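Here is the structure we will look at.
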Amino acid sequence: MKNIHGSVQTYGMRFFSSEGTIGYVGDTRFFQELINAYQGVKLLIINTVTENKMPDIYHMCVEDAIMLINGVSPELAILTHFGTSMIDAHPDAMAEKISEATGINTVAGRDGMVVRTQINADLMV
């Protein structure tokens, strides 16, 4: 999925496995087609750089993540790629805010984080 990231080309990806599909949303501004592109994923990993929308940059914020998660309805969402405003806002608190707004379990990613799948295979994100 080609993203909108100014003059820099960035892409999102879907990974397919017997456990289900994983979606990775790279650097991009939110746009409606993202919802269609990631329909059916069980795990959605979202680059969420800022706490609040910043119209002059091509990155997603907490509000954008809420819209995307509501549209896609994954089983689990992981936020990653935090900028300073997200760090200052405490990523775990922002993930909890998103979980409450969407009803979807949302967590803040960490370096070396491992996600356990149903058949106990490890997925490092």
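The values are calculated or read from the model by the stated rules, or taken from the named source; none is laboratory data. Note that the structure is a prediction, hence the values are computed from the model and not measured. A quick note on method: Cβ atoms are made from the backbone with ideal geometry, for glycine too, and the neighbour counts reach across all protein chains shown.
Every residue, every condition in (1) hydroxyl-bearing (Ser, Thr, Tyr); (2) over 24 Å from Gln9 (Cα atoms); (3) at pLDDT below 95, yes or no:
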{"site": "Asp56", "(1), (2), (3)": "no, no, yes"}
{"site": "Met60", "(1), (2), (3)": "no, no, yes"}
{"site": "Leu68", "(1), (2), (3)": "no, no, no"}
{"site": "Ser73", "(1), (2), (3)": "yes, yes, no"}
{"site": "Leu76", "(1), (2), (3)": "no, yes, no"}
{"site": "Lys97", "(1), (2), (3)": "no, yes, no"}
{"site": "Ile104", "(1), (2), (3)": "no, yes, no"}
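Of all the residues that make up segment 64-94, how many are without any contact (Cβ under 8 Å) to a residue 40 or more places away in the chain, crowded, with 22+ Cβ neighbours inside 10 Å and within 16 Å of Val115 (Cβ to Cβ)?
Looking only at that region, the number is 2.
Consider Thr50 carefully, then state whether it is among the hydroxyl-bearing types (Ser, Thr, Tyr), buried (at least 18 other Cβ atoms within 10 Å of the Cβ), farther than 16 Å from Arg14 by Cβ and at pLDDT 95 or above.
no
So, in segment 1-33, of the ones that are under 26 Å from Val114 (Cβ atoms) and of a type in the set (A, V, I, L, M), which residue ends up surrounded by the fewest Cβ atoms within 10 Å (Cβ to Cβ)?
Met13
Can you tell me which residues in segment 68-89 are under 13 Å from Val25 (Cβ atoms), of a type outside the set (Gly, Ala, Ser) and in contact with a helix residue (DSSP H, G or I) (Cβ under 8 Å, 6 or more places away or on another chain)? Before the answer, list the steps.
Step one: list which residues in segment 68-89 are under 13 Å from Val25 (Cβ atoms), which gives 68-69, 71-72, 74, 77-81.
Retained after the next criterion (residues that are of a type outside the set (Gly, Ala, Ser)): 68-69, 72, 74, 78-81.
Matches in segment 68-89: Leu68, Ile69, Val72, Leu79.
Consider only pairs whose beta carbons are under 7 Å apart and that are at least six residues apart or on different chains; among these, list those whose first residue lies in segment 1-12 and is of a type in the set (Val, Ile, Thr) and whose second residue is modelled with pLDDT under 70.
That search, which allows pairs on different chains as well, returns Thr10/Asn3.
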